[in-house]
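> First the structure, then my questions, so here it is.
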Amino acid sequence: MNLTAGENSDIYQGDYSYDLYFYNDLENLRLPGVQESYFCLTVTVYSLTFLLGLLGNSLVIFAVCGDRKPRSVTSLFMVSLAVADLMFILVCTPYELVRYFRPHAEGGAPVCKLASFVDMLSAVASILNLTSISVERYMVIVHPMISRYWCTAGNTRKILPAVWALAILLSMPSIFVMDIEVISYHNNVTSVTFSHCYDSAIPEDKRLAYAIYQLTVMFLAPTLIMIICYTFVIYVLWLSSKQLKSMTSANCGSSNTISEEVESKRICLNPSGSVHTSISRSCHQRPRRNFHTVETLKARRQVMKMLITIVIGFLICWGPRLILRVVQQSQYLHFEHAPLMKVSFSLLPYIQSFLNPIIYGFMSKNFRRSIRAACRNYVCRNRERQICMGHRIHLSDYEMESRSTNGTLTTKMSLRTIESVSSDDN
């Protein structure tokens, strides 16, 4: 754009409003978002985010809350993650999408501050929930005796409000940092006004500190905690699997030796007896005792894979955006010639908001079972109830018959008539 300042520019309406002269056709600025190079890509991602995220995260809440099975600690945190993603989808996605069609932001500074606050709150709440899950997994697997008293569903219901309170506290600075900057372009005939929502409420020398604060709270500190917890967890699971495998092999070998001695003595005492497969049975009896342990380790490894995948997805989607803000504010690098990278980094958090339900569906058998159970409890049960209410069966006119057989009195009750009444008649 060919803009000029100086004699033809003056500041008005406060510290964040500017009037600039525009030499070219102002009609090209009426819908600036439509004319951007990656308009179709951006609008497509926002639309898919809203539809898939709303459907997927609502399904997570329905599956966990609709399943009558006692809820685990992990499932409670899954609901909390879904709530955080829903907040992000319902507030931030429409706000960013409208920005491409209306250059002057509706609502002004209050809506800008609200959208920015929810944007940071959802990210901080998600990463704090993921960090809490990593600590809970560490306690359950590395310190199982202590976890029996602390890592319970009741304590988790007390921890979740604290997690959200901390997330709100850490996100409060965004309300005081973000504000609207209004720029008006004119050419002595007409004018076009734009509203930009960014950290314009603080001086430029403080914006780098705010970007570093976001990077630390939303990325560096939680990542360090999760790396430490999951490193111990993976190490303990690896040792447990190795020990269980060696113990199973040793028990199977000793069972073979003992069963061979017993079988040889039995054959000597009873030569005519047939040889049974006691060796193979005794070899399989010991693994059956360890079956629960093997399945427990297998389930824990599957949960760990799912959780680590969720964490990696969050860090990949939010990390580049946070790092880019720090780099831009440091003014060491400029990205005017890399618009695709800027657009991609800004869109990644929106992709992450509907990514978790997809991961649950592919990697969690319990999640799929919870969906089926919730559907049976609510959808199918309501349909069966309607059918039962529609066709009531009234049993009437019983007939009783008594017989005496060998001094024993036997009474038989039979139904003479069966009346079927439709609910439409009631």
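> Quick check for you: which residues of region 300-333 have the amide N under 14 Å from the point 7 Å beyond the Cα of F362 toward its beta carbon?
305-314
> Tell me, what % of the accessible area of region 89-166 is carbon and sulfur with a 1.4 angstrom probe?
The nonpolar share, carbon plus sulfur, comes to 71 percent.
> Find out how many positive minus negative residues lie around K113, taking Lys and Arg as positive, Asp and Glu as negative, among other residues whose Cβ is under 12 Å from that of K113.
-3
> Counting only Cα, what are the radius of gyration and maximum Cα-Cα distance Dmax of region 125-247, in Å?
Rg, Dmax (Cα atoms, Å): 23.2, 87.
> Give, as ranges by residue number, the residues of region 300-328 whose backbone N falls under 16 Å from the point 7 Å along Cα→Cβ of I202.
The answer is 322-328.
> I would also like to ask the following. Per 0.36 nm of contour for each residue apart, how much would the distance between Q243 and T190 grow if the chain were fully extended, relative to their Cα-Cα spacing?
Full-extension gain reported as 11.2 nm.
> How large is the accessible surface per residue of region 132-175, computed with a 1.4 Å probe and reported in Å² as a whole number?
Dividing the accessible area of region 132-175 by its residue count gives 56 Å².
> What distance in nm separates the simple spin-label points at R68 and S330, each placed 7 Å from Cα in the Cβ direction?
Roughly 5.8 nm, to one decimal.
> Ok, one more. For Y38 and S346, compute 0.36 nm times the residue count separating them, minus their Cα-Cα distance, and round to one decimal in nm.
Taking Y38 through S346 to full extension adds about 109.7 nm, to one decimal.
> Determine the shape class of region 62-180: with a ≥ b ≥ c the square roots of the Cα gyration tensor eigenvalues, call it rounded for a/c under 1.5, and otherwise prolate if a/b is greater than b/c, oblate otherwise.
prolate
> By average Cβ neighbour count within 10 Å, what is the ranking of 38-46, 54-62, 345-353 from highest down?
Put in order of decreasing packing, that is 345-353, 54-62, 38-46.
The values are calculated or read from the model by the stated rules, or taken from the named source; none is laboratory data. Nothing here was measured: the structure is a model prediction, and the numbers come from that model. Glycine also receives a Cβ, built like all others from the backbone with ideal geometry; neighbour counts cover every protein chain displayed. Accessible surface areas use protein heavy atoms only, side chains included; no ligands, DNA or RNA. Shrake-Rupley method; radii C 1.70, N 1.55, O 1.52, S 1.80 Å.
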